[in-house]
Structures are given as C-alpha cells and as structure tokens.
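Worksheet: the structure to be examined is printed underneath.
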Amino acid sequence: MDEVAGTILVGDSFDPVRGRVVVRDGRIEAVERTATASTDIVLPAFVNAHTHIGDSVAKEAAVGLSLGEAVAPPDSLKHRRLAAADRTELVAAMRRTLRFMWRTGTVSCLDFRESGVEGARALREAADPADVDPFVFGSGDASVLDVADGYGASGANDDDFTDERLAARERGVPFAIHAGEPDPTDVDPALDLDPDLLVHMVHADRDHVSRVADQSVPVAVCPRANAVLGVGRPPVRELLDHTTVALGTDNVMLNPPSMFREMAFTAKQFDVTAREVLGMATAAGADAVGLDCGVVEPGRRAALTVLDGDSDNLAGTADPVRAVVRRATALDVERVVC
C-alpha cells in the first residue's frame, strides 16, 4: 500500500481536498480528508492527446517552414527525415522523448505513428522499458491494426480511408483523423467517416461544430503547434461548448511534449478556465480512447503527478488548480505515481 498526501485535485471538477490518496495494487483505494503537513499538490497524471513521437529524430528541423513543407505526406522534411533514420536511431530517439514525458508528468500519449506496421513496432520497442504507455494510432493499410491500438489517418484529402475505417470498426478499436488544419475542405469528408477522434479542427466553422456535436466526436487540439506553423487558432471555446476537447502537443520536431507548456499557453490565449484546461490535459484524452486514468477517485488506476507546492515557483499561490495550469513547470514535479 502507498499513500500520497497533500492538496489533492479530486474528481472531474478537480476540487482541492486536503488529505491523502490511498493506493493499493496500482489502484486508488480511497481519497481521504485528513490533516496533513504535506505541501504537495496531487493531480491526475497527464494524457497527451496528440503526438508524433517519430519526429524525435528531427527536433527543431522545421523552424520557419510551412505546414506542407514541414509535415505533409509524403515529401515533407519530416517524412524525408523519417525515411532516412536508422531504426536503432529512431527507437532511441523516441525512447528519450518518452522519458521526458514521464519526467514532466505524462503517463500516456495518443501517438500517430508513421511507417505502417514497422513504425508501430518501433514505437512498441521504444516504450518497452519506459514508464509512459503510448496508445498507438497506426498508419498504412489495415494490417497495422495487428500491432497498433487504433488507426490514425493523415487527413481525408490525402487518401480514401474507408477500408481502414471499416477495419477499425470491425476490430472495435478507435479511428482518428486529422481535420481542418490547413483549411476547412477536409472537415466534412473526415466527419463522413464517423471518426472516434478528430485532431486540430483549426478551421472548423459553425456547421462543422454542429456536426461534431451531433456525432459526439471528441476533438484533440494542439494550439502551440498550430501557432508555430501559422495555420491559425482552433475555436477552443466553441468546441468545448459542444463536445469533449482534449489537449495535445503534436509534432516533437516543433515543440517539446510538455503538457505544462501546452496548458499554460492554452489558458492564457483562449477563453477557457483553468479547470477546463486541466480536464483537457487529463481526463479528456484518457476518455477518448478508454484509458482508465485522468481522474483522482476511488476505483481508478493510480496514475498521479505529484508537484512540490512549496517550490520557489509554486509557494504562495492562491489557487492550486490555477497554479498547476498556468504556472507549474517540470521543475516542480516531485514524482509520478503509476
């Protein structure tokens, strides 16, 4: 049995409770209100709702490039670097990124893994000794589902993904697709595929958002990556008012996969509350693919990030939720319990 004490951000609303979390056999047995001298802040560990970890072989290589030049298949800088990367180099680079994610409080990421079956296998190999457990959205033909956890499509304007969508449905695994990143033309075709997760939706208009609500499709937004590539700002407020919205960091070549940086940017740039942003960084990504984490409550998997609430950075903050979302950094992480 393990106990984690301090100010605990409990449940979907992240209500701050002074007390302790009792953990037994990897699950939360109880959340108890009790006197404690601990100044720690205990929150659900992060789930990064959209990553491209293969980009770990090309960090900062795309600075100043357009979306098409940087990441569009099949001839962008990203895809040239992936094609040229030795497998050993690729696996080592992805493993280091997973270690960074763990140290910054993330226990899982929903990763769009390029290069088909071999790409999915490489990520599995990278994750084998790591503490972060990636949810692998595979690419290529439907055979990737023998290895991956779901299918991740590049975009409805890139190819016809009907067969892959049907294969994912037959296997009972999620189908995710990029939509509305460069422009709005691929949003309706993406929605026609009845996806389980949409990524980006920067150029979603009112009709698109209405369709998202009608189809109950969660959306992963990546505001920092969108800003770096100059494609625009996702309508985060409108999406939150109509569906579940999760937060991702997107391409490792563009930004470090730090949920602290993504939360702070989102909280300060959009019309959202700190509680909404923390939910986007935890429960929303977990719920999108059925992971048993993202919330601190009895019966759930014990996946917790523990911050030093008395660090030089966090000491004296009036609101622990705001402190986590707007101010905390990797330097404030004491440990990750998983």
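The values are calculated or read from the model by the stated rules, or taken from the named source; none is laboratory data. Remember, it's a predicted structure, so these values are computed and weren't measured experimentally. Using ideal geometry, Cβ is built from the backbone for each residue, glycine included, and neighbour counts are taken over all protein chains shown.
Data overview
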| quantity | calculated |
| --- | --- |
| Which listed residue is at negative phi, of a type outside the set (Asp, Glu) and not assigned by TED's automatic domain parsing to the domain that holds residue 246, from 315, 284 | 315 |
| Which listed residue, of 211, 233, 237, is more than 23 Å from residue 46 (Cβ to Cβ) and surrounded by fewer than 24 Cβ atoms within 10 Å (Cβ to Cβ) | 211 |
| Residue check, residue 125 within 22 Å of the chain's Cα centre (by Cα) and closer than 23 Å to residue 262 by Cβ | no |
| Selected residue [within 23 Å of residue 169 (Cβ to Cβ), among the β-branched types (Val, Ile, Thr) and part of a loop (DSSP other than H, G, I, E, B)] from 231, 217, 295 | 217 |
| Long-range neighbours under 6 Å by Cβ, at least six apart or interchain, first residue in contact (Cβ under 8 Å) with a residue 60 or more places away in the chain and under 15 Å from residue 300 (Cβ atoms) within region 2-22, second surrounded by fewer than 21 Cβ atoms within 10 Å (Cβ to Cβ) and among the basic types (Lys, Arg) | 14/275 |
| In region 266-310, residue surrounded by the fewest Cβ atoms within 10 Å (Cβ to Cβ) [restricted to those that are acidic (Asp, Glu) and without any contact (Cβ under 8 Å) to a residue 40 or more places away in the chain] | 271 |
| First in region 215-234 and in the same structural domain as residue 196 (by TED's automatic domain parsing) and acidic (Asp, Glu), second anywhere and surrounded by 15 or more Cβ atoms within 10 Å (Cβ to Cβ) and modelled with pLDDT of 95 or more, Cβ under 7 Å, 6 or more apart | none |
| Residue check for residue 62: in the same structural domain as residue 202 (by TED's automatic domain parsing), of a type in the set (Gly, Ala, Ser), assigned to a loop (DSSP other than H, G, I, E, B) and touching a residue at least 12 places away in the same chain (Cβ under 8 Å) | yes |
